[in-house]
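Asker: One structure, as structure tokens, below. Some questions next.
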Amino acid sequence: MPQTNFTLKEIREQSEAIDTVLDDLKEKEDELTKICSKSSVFCLVGCGASYYLALIGNSLLMGEDLSFAFPSSEILVSSERIPNVSFDTILSFSRSGESTETVKATKYMKKREPEAKNIGFTCTEESTIQKNSNISIISRDGKEQSVVMTKSFSSMLVAIEYFSKLNTGENSVFKDFQTLPKNSEKMLKKSEKLAKKITNSEEKLKKFVFLGPGEYYGLASEAMLAIEEMSLSWSKAYHPLEFRHGPRSIVDDETLVTLFTPSRRVSEHKKLLEEVQDLGAKTLAVGKKSDVGDMESSYVLEVESEKENPSLSLYIPIAQFLAYFRAVKLGLDPDNPQNLTKVVKI
Ligand code: F1P
């Protein structure tokens with residue numbers, strides 16, 4: 001069994017990374033609020049896991065303003081398909097702050113919209129994304145050795161959640177996040193324990209499906225990517241009720257279907273999970289006790305939070321731990337994922 005170290009260590013460190021990024025957000029809250037007060041049309045860009053951050057941010061901002069999220073490469077390859085609107089705020093997501101496509105996409109959008117404000121979300125000080133932005137939110141403790149994004153993802157996720165709350169006009173948002181680091185610590189312990197249990201008891205599993213509606217779809221997509229990158233396993237992400245329209249064909253007793261459950265339309269999601277179980281799949285319901293507590297599911301992970309809408313950073317560790325422990329069980333090395341580099345420079 002290969003000796004792996006920093007990926008697991010960094011997954012376990014994400015509550016500290018969240019705590020630190022909250023300090024940066026609090027420090028910049030006034031400046032960010034000023035930008036939000038003048039923002040109405042957002043463009044969000046990122047690559048890989050950072051594109052999934054853009055997807056989550058897009059869903060959160062769309063409730064309040066007009067928002068569009070693009071894989072950075074699409075800004076470059078399909079620029080004629082960019083909606084003909086006047087973007088006033090560009091959000092660039094990049095752990096490294098150096099992914100060529102995100103650097104170029106941001107430059108393209110700023111050229112197209114010279115008046116637009118650009119906010120960089122990164123883990124890397126003095127990076128190109130940071131230097132080129134009007135203001136940047138830096139998750140200093142999100143900086144990691146792991147090729148696969150782990151604590152960088154969850155801490156940058158908190159940053160876009162915080163920003164989207166500021167954008168609703170809510171002021172002094174910091175108080176809404178004060179219990180998050182503690183709840184994150186609790187979730188890390190619960191998630192690691194459950195991931196080990198599933199990995200060790202469900203030997204037959206070969207396929208992993210992650211389901212999430214709205215802002216949870218970006219989360220499901222990141223869960224899918226973590227499984228693919230670390231364990232080289234078959235993995236997919238869908239909006240939950242889309243699963244009936246074809247993808248359910250793959251379900252069998254070698255499939256684990258994970259549902260990231262918001263506190264909305266719970267009964268419909270509960271029914272879907274029961275249908276999937278009837279097809280022979282193992283299921284994992286992740287959500288607040290009030291939503292998943294009575295769900296018919298092979299496994300349930302109750303999210304520790306007193307909030308109506310808990311931070312999505314509490315939902316992702318289970319997928320990261322599942323990916324990690326499965327990889328190690330398969331004799332792979334999560335610290336050196338096959339075919340991947342930490343930054344894609346072209
Ligand atoms: C992040 C990213 C990762 C991917 C791989 C290559 O880019 O695309 O999502 O897993 O590690 O880098 P960025 O956030 O640094 O721009």
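Asker: Placing unit charges on C-beta atoms (Lys and Arg positive, Asp and Glu negative, everything else neutral), compute the dipole magnitude of region 218-346 about its Cα centre in debye, rounded to 20.
Answerer: Using Cβ point charges on Lys, Arg, Asp and Glu, region 218-346 gives about 320 debye.
Asker: Rounded to the nearest 0.05, what FRET efficiency do Ile346 and Glu254 have when you use their Cβ-Cβ distance and R0 = 45 Å?
Answerer: Using R0 = 45 Å, I get an efficiency of 0.75.
Asker: If each Cα of the chain is one equal point scatterer, what is log10 of I(q)/I(0) from the Debye formula at q = 0.07 Å⁻¹?
Answerer: -0.27
Asker: OK, next. For region 233-346, place one equal point scatterer on every Cα, skip the solvent, and apply the Debye formula. What is log10 of I(q)/I(0) at q = 0.10, 0.14 Å⁻¹?
Answerer: -0.36, -0.68
Asker: Ok, one more. By how many degrees, between 0 and 90 and to the nearest 10, does the Cα long axis of helix 317-329 differ from the longest principal axis of the chain?
Answerer: Roughly 60 degrees between the two axes.
Asker: Compare Gly48, Gly97, Gly63 in a GNM of the chain, Cα atoms joined below 10 Å, and give the one with the largest fluctuation.
Answerer: Gly63
Asker: Would you list, by chain and number, the lysines whose Cα falls below 23 Å from the Cα of Lys307, excluding same-chain residues fewer than 8 positions away?
Answerer: Correct list for Lys307: Lys26, Lys151, Lys165, Lys175, Lys182, Lys186, Lys189, Lys190, Lys270, Lys288, Lys289.
Asker: Would you pull out the residues with amide H under 5 Å of Ser235's amide H, same chain only if 5 or more places away, H placed 1.01 Å from N?
Answerer: Placed amide hydrogens put Phe208 under 5 Å from Ser235.
Asker: Find the accessible area per residue for the chain; the probe is 1.4 Å, ligands and nucleic acids are left out, and the unit is Å².
Answerer: 41 Å²
Asker: For the residue pair Gln338 and Ser298, what label-to-label distance in nm results when each label sits 7 Å from Cα along the Cα-to-beta-carbon direction?
Answerer: Reported label-point gap for Gln338 and Ser298 is 2.3 nm.
Asker: Normalised by the number of residues in the chain, what is the relative contact order in percent for Cα pairs under 8 Å and 6+ residues apart?
Answerer: 20 percent
Asker: Run the quick spin-label model on Trp234 and Lys107: label points 7 Å from Cα toward the beta carbon, then report their separation in nm to one decimal.
Answerer: 4.2 nm
Asker: Hey, what angle do you get for helix 151-167 against the long axis of the chain, alpha-carbon based, 0 to 90 degrees rounded to 10?
Answerer: Tilt relative to the chain: about 60 degrees.
Asker: Let me ask you something else. Work out, step by step, the length gained on full extension between Lys9 and Glu202: first 0.36 nm times the residue separation, then minus their alpha carbon distance; give nm to one decimal.
Answerer: So the extension gain works out to 67.1 nm.
Asker: Report the local net charge at Ala237: Lys and Arg +1, Asp and Glu -1, summed over other residues whose C-beta lies under 11 Å from its C-beta.
Answerer: -2
Asker: Shifting gears a bit: How big is the Kirkwood radius of region 37-160, worked out from every pair of different alpha carbons and given in Å to one decimal?
Answerer: Result for region 37-160, one decimal place: 14.0 Å.
Asker: Have a look at Val209, Phe177, Leu194 and report the one farthest towards the positive end of the charge dipole of region 175-229, computed about the Cα centre with Cβ charges (Lys/Arg +1, Asp/Glu -1).
Answerer: Leu194
Asker: A further question on this structure: How many percent of all Cα-Cα pairs in region 1-73 sit more than 18 Å apart?
Answerer: Every Cα pair in region 1-73 considered, those over 18 Å come to 61 percent.
Asker: A further question follows. In degrees between 0 and 90, to the nearest 10, how far off the longest principal axis of the chain does helix 180-201 point, with axes built from Cα atoms?
Answerer: On a 0 to 90 degree scale, this one is about 40.
Asker: Calculate what fraction, in whole %, of the accessible area of region 215-299 sits on carbon and sulfur atoms when a 1.4 Å probe is rolled over the protein chains.
Answerer: 45 percent
Asker: What Kirkwood hydrodynamic radius, in Å, does region 100-180 give when the mean of 1/r is taken over all pairs of distinct Cα atoms and then inverted?
Answerer: For region 100-180, the Kirkwood estimate is 14.1 Å.
Asker: With the chain treated as a Gaussian network of Cα nodes joined by springs under 10 Å, which of Asn84, Asn336, Asn118 yields the largest mean-square fluctuation?
Answerer: Asn84
The values are calculated or read from the model by the stated rules, or taken from the named source; none is laboratory data. Since the structure is predicted, the reported quantities are computational estimates derived from the model, not experimental observations. Cβ sites come from the backbone with ideal geometry, for glycine too, and all protein chains shown count toward neighbours. In case anyone asks, the SASA skips ligands and DNA or RNA and just uses the protein heavy atoms, side chains included. Shrake-Rupley method; radii C 1.70, N 1.55, O 1.52, S 1.80 Å.
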